[in-house]
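Just so you know, all these numbers are worked out from the coordinates, no wet-lab data involved. A quick note: this is a predicted structure, and the numbers were derived from the prediction, not measured. FYI the Cβ positions are ideal-geometry reconstructions off the backbone, even for glycines, and counts take in every protein chain you see.
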Amino acid sequence: MRFRHRRPKDQAGFSLIEVLLGIALIGVAVLGLAQMFLLGVWNNRRADLISNGTFLAQQQLDYLRTLTPVELSALPDIQDEQLDLNSDGTYDCRRITTIDRALNFYRVLVFPPSKLNESQSVLIASPGSHLVAAQVGTVINR
């Protein structure tokens, strides 16, 4: 006696090929989402750097505005500071303040920590090509 296994015509379920194809499609979609996630993290980090840099530059200019003419004239033409914002022992940014005494123009540049060891003159000459986080300037005339 022979036994024949017949599949019912309305049998439910997926074949192995359908399952593998579905897994492959989901894998491709997850890779795309992971890339978008990393891009979002990078954009948020850059926005945080720009926001903090602008705040630090504006803070420096506000401080300079409080000084008397004698105190302003005693300042060096270039002030270069490495700032540890959260007191964790690691420098978080570099702030360079330049003064053009002929025009009474004060410029503050804030750079990320990756530029801590970069030459001061190179950063001042071309801040845009060195990932400047903030570049703020003003005239203080007394």
> Can you give me the Cα centroid spacing of region 120-137 and region 67-99 in angstrom?
Replying inline: 15 Å
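So if R0 is 41 Å, what FRET efficiency would Arg142 and Trp42 give, r being the distance between their Cβ atoms, rounded to the nearest 0.05? Kindly include the intermediate steps, with their values, before the conclusion.
Details: r = 43 Å, r/R0 = 1.05.
Efficiency at R0 = 41 Å is approximately 0.40.
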> Roughly how tilted is helix 16-65, in degrees to the nearest 10 and between 0 and 90, from the longest Cα axis of the chain?
Replying inline: 10 degrees
> Can you run phi through the Karplus equation (6.51, -1.76, 1.60; θ = phi - 60°) for region 78-90 and list ³J(HN,Hα) in whole Hz, with x for Gly and Pro?
Replying inline: 9, 10, 10, 10, 9, 10, 9, 6, 10, 6, 9, x, 10
>> What's the longest uninterrupted piece of the chain once you rule out the chymotrypsin sites (Phe, Trp or Tyr not before Pro) that are loop residues per DSSP with at most 11 other Cβ within 10 Å?
In response: 15-142
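Could you tell me what a quarter of the Cα convex hull surface of region 15-84 works out to, in nm² with one decimal place? Before the final figure, lay out the partial values.
Details: hull surface 28.2 nm².
The number I arrive at for region 15-84 is 7.1 nm².
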>> Let me see the P(r) profile for region 16-139: every Cα-Cα distance counted, bins of 10 Å, each bin given as a percent of all pairs.
In response: 12, 33, 24, 11, 8, 7, 3, 1, 0
>> Per residue of region 100-105, what does 6.51 cos²θ - 1.76 cosθ + 1.60 with θ = phi - 60° give for ³J(HN,Hα)? Whole Hz please, x for Gly and Pro, Karplus curve as stated.
In response: 9, 5, 5, 9, 6, 9
> How big is the charge dipole of region 16-139 about its Cα centre, in debye rounded to the nearest 20, if each Lys and Arg gets +1 on its Cβ and each Asp and Glu gets -1 on its Cβ?
Replying inline: 260 debye
>> If you take every residue apart from Leu49 with its C-beta less than 15 Å away from the C-beta of Leu49, what net charge results, scoring Lys and Arg +1 and Asp and Glu -1?
In response: +3
